[in-house]
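As structure tokens, the structure follows; a few thoughts come after it.
The values are calculated or read from the model by the stated rules, or taken from the named source; none is laboratory data. All figures in this text were calculated on a predicted structure; none of them were measured in a lab. Here the Cβ positions follow ideal geometry from the backbone for every residue, glycine too, while neighbour counts run over all protein chains shown.
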Amino acid sequence: MKICFFEDQKRAQLYPFTLTRPVDQIRIGISTLKEKWLLALKPESAFRITHPLIANAYHDLDSYFPSEKESVVFINSRALPSENLIHIIKNLKPEHSVSHPDGTLIATYSAKPERQEIDLEQEEMLISRPWDIVEYNGEQIRYDFNALDLQDNRNIMEQPENQILIRGEFPVYIHPTAKIEPSVTILADEGPVYIGPHATVMAGSILRSGLAVCEHAQIRTQSQIHLNTTIGPWCKVGGEVKNVVFFGYSNKSHAGYLGNSVVGEWVNLGADTNGSNMKNNYSNVRLQTGPGVEPIDSGLMYSGQMIGDHTKTAINTMMNTGSVLGPFSNIAVGGFPPKFIPSFSWLTPHGLEKYALKKAIPTMSTVMGRRNMKLTDEMIDLYKAIHEDETALLK
């Protein structure tokens, strides 16, 4: 089988995260969407169709160029795998396709428009808005735990000399290279707990399920990590966090609360940065998912912040319920900043200013270099385009 991830018109609704990555690179649960499907289908080869500038910046998959001689299964990048959907896609026949009950094409064994539809017997999940990443995260931690065939091995840490307390009926997987310091409490009473390779949980922290702590991630001393949280690779997280997805390479190292939020890559939240996730009148939270877009009702009472890549907040920053911070924005203002911050913005007491690209690029390069990652020319081309007109990347 050869597969190709494709993106539909709802890619724009996943702002700010799809400005800087393909949809299939969104992390939810333990893995990215791409990693889930590659594990489930084990294809001979895989491709993607996305915005040309994004395709050039990501070299993990080749771009797809159609050829009549090869058969390819096209998979909607927004689709979350399930046992039912995996079975259907593995058994797709040429010219057949499968659609979501709302009419969205999930997968097809041909790019041709004339095809035979297969009706789903149950509703599958699609990520349609950024807050879906938060809402589905707990279920996806459970899915990934099973898909990766992880087994409970809490006994490697439950030794008296380790002074670690682990309780709960759900499985706890701790990679042999992970480091758990004394006086850590792990409560697996509402879902599984995954602590990945070379991850560190520092002394006195309390971890509640479901939870994914990915490779080389670090939970700081006396942190409180609550329900359905993912801490992506190389992140440093401290303070109090609940139902948050950190994609990777981001820091919230100090005290402060963050809840029901999504944090992109290379983000740094200053000490005592706090985010509200509930309005004081208990009404549904409205979010603006792009420049010039009217805020929409999320249908949720709890919704925190959607924070794009390379964004930074100063110490003591307070963020409104339902804030959306575009990539490459910098928040350095007292009081609550606006709920929507466009990309490449500097917000200071003097107002909102454009973040000069010639200043932004050296900072990005330095930040990535600290993790032995390189800011490539293709990434710079992508970021230049966002700097010039971020709306063009959403088309």
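Among the candidates ASN281, ASN268, ASN277, single out the residue that is modelled with pLDDT of 95 or more and touching a Gly at 6+ places or on another chain (Cβ under 6 Å).
ASN277
Looking at GLU114, is it at pLDDT below 95, under 24 Å from the mean Cα position of the chain (by Cα) and assigned to a loop (DSSP other than H, G, I, E, B)?
So GLU114 fails the test.
Filter region 255-276 down to the residues that are within 18 Å of the chain's Cα centre (by Cα), farther than 20 Å from MET368 by Cβ and without any contact (Cβ under 8 Å) to a residue 60 or more places away in the chain, then identify the one that is surrounded by the fewest Cβ atoms within 10 Å (Cβ to Cβ).
Going through the qualifying residues, I end up with GLY259.
Could you please give the count of residues in region 293-310 that are part of a strand (DSSP E or B) and under 18 Å from ILE26 (Cα atoms)?
3
For region 270-286, how many residues meet the condition of being of a type in the set (A, V, I, L, M, F, W, C) and more than 15 Å from PHE336 (Cβ to Cβ)?
1
Quick one: MET157 ticks every box in (1) exposed (fewer than 14 other Cβ atoms within 10 Å of the Cβ); (2) farther than 16 Å from ILE30 by Cβ except a single one, so which number is it?
(1)
Pairs needed: first member in region 231-246, farther than 17 Å from ALA203 by Cα; second member anywhere, hydroxyl-bearing (Ser, Thr, Tyr) and part of a strand (DSSP E or B); C-beta distance under 7 Å; at least 6 residues apart or different chains.
Listed pairs, sorted by first residue: LYS242/THR229; ASN243/THR229; VAL244/THR229; VAL244/SER261; VAL245/THR230; PHE246/THR230.
Pairs under 7 Å by beta carbon, first residue without any contact (Cβ under 8 Å) to a residue 24 or more places away in the chain and surrounded by fewer than 17 Cβ atoms within 10 Å (Cβ to Cβ) in region 331-355, partner among the β-branched types (Val, Ile, Thr) and assigned to a loop (DSSP other than H, G, I, E, B), six or more apart or different chains?
Within 7 Å, the pairs are THR348/VAL333; PRO349/VAL333.
Which one of GLU161, GLU169 is closer than 29 Å to ALA40 by Cα and without any contact (Cβ under 8 Å) to a residue 24 or more places away in the chain?
Of GLU161, GLU169, the one residue that is closer than 29 Å to ALA40 by Cα and without any contact (Cβ under 8 Å) to a residue 24 or more places away in the chain is GLU169.
Counting only residues that are of a type in the set (Ser, Thr, Tyr) and touching a His at 6+ places or on another chain (Cβ under 9 Å), how many does region 308-348 have?
Counting residues in region 308-348 that are of a type in the set (Ser, Thr, Tyr) and touching a His at 6+ places or on another chain (Cβ under 9 Å) gives 2.
How about region 13-59: which of its residues are of a type in the set (D, E, K, R) and either more than 14 Å from the chain's Cα centre (by Cα) or modelled with pLDDT under 95 (or both)?
If the condition is that a residue be of a type in the set (D, E, K, R) and either more than 14 Å from the chain's Cα centre (by Cα) or modelled with pLDDT under 95 (or both), then LYS42, GLU44, ARG48 are the ones that fit.
Test each condition in (1) assigned by TED's automatic domain parsing to the domain that holds GLU7; (2) surrounded by 13 or more Cβ atoms within 10 Å (Cβ to Cβ) for ASP102 and report the one that comes out false.
With respect to (1) assigned by TED's automatic domain parsing to the domain that holds GLU7; (2) surrounded by 13 or more Cβ atoms within 10 Å (Cβ to Cβ), ASP102 is out only on (2).
Restricting attention to region 277-290, and to residues there that are farther than 19 Å from LYS242 by Cα and over 21 Å from the mean Cα position of the chain (by Cα), which single residue is surrounded by the fewest Cβ atoms within 10 Å (Cβ to Cβ)?
Step by step, filter region 277-290, then rank; the result is ASN281.
Looking at region 127-154, which of its residues are in a helix (DSSP H, G or I) and surrounded by fewer than 16 Cβ atoms within 10 Å (Cβ to Cβ)?
Of everything in region 127-154, just one residue is in a helix (DSSP H, G or I) and surrounded by fewer than 16 Cβ atoms within 10 Å (Cβ to Cβ), namely ASN146.
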